[in-house]
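Below is one structure; the comments refer to it alone.
Just so you know, all these numbers are worked out from the coordinates, no wet-lab data involved. Here the structure is a predicted model, which is why all the values come from computation and not from measurement. Don't worry about glycine lacking a Cβ; one is built from the backbone with ideal geometry, like all the others, and counts go over all protein chains shown.
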Amino acid sequence: MAAKKSSRSKSGGRKYGKAAGKTVESAMRRMKKGTLKSGKGGKGGTVHSREQAVAIGLSEARKKGAKVPKKSAA
């Protein structure tokens with residue numbers, strides 16, 4: 001089997017920028033505090049899932065223009 005080719009350089013490289021990490025960190029903190037809401041404009045319910053909090057953080061980072069890979073189609 002052939003090894004999967006990485007889009008990053010051999011030296012490592014960051015998949016996500018520092019700003020994206022900060023935004024996800026902020027979303028996680030809001031989730032733990034109980035103020036993170038899902039849906040457009042935060043009109044959905046309170047978020048309890050760690051995965052959902054990370055997804056919301058990455059989405060917010062994308063809107064701010066941080067270095068975040070595009071959403072996968074799956």
Next item on the list: Filter region 36-64 down to residues that are among the charged types (D, E, K, R) and part of a helix (DSSP H, G or I) and give me whichever is farthest from TYR16 (Cα to Cα).
Entry: LYS40
Item checked: Test: residue in region 28-35 that is of a type in the set (A, V, I, L, M, F, W, C), outside any loop (DSSP other than H, G, I, E, B) and surrounded by 10 or more Cβ atoms within 10 Å (Cβ to Cβ) -> yes
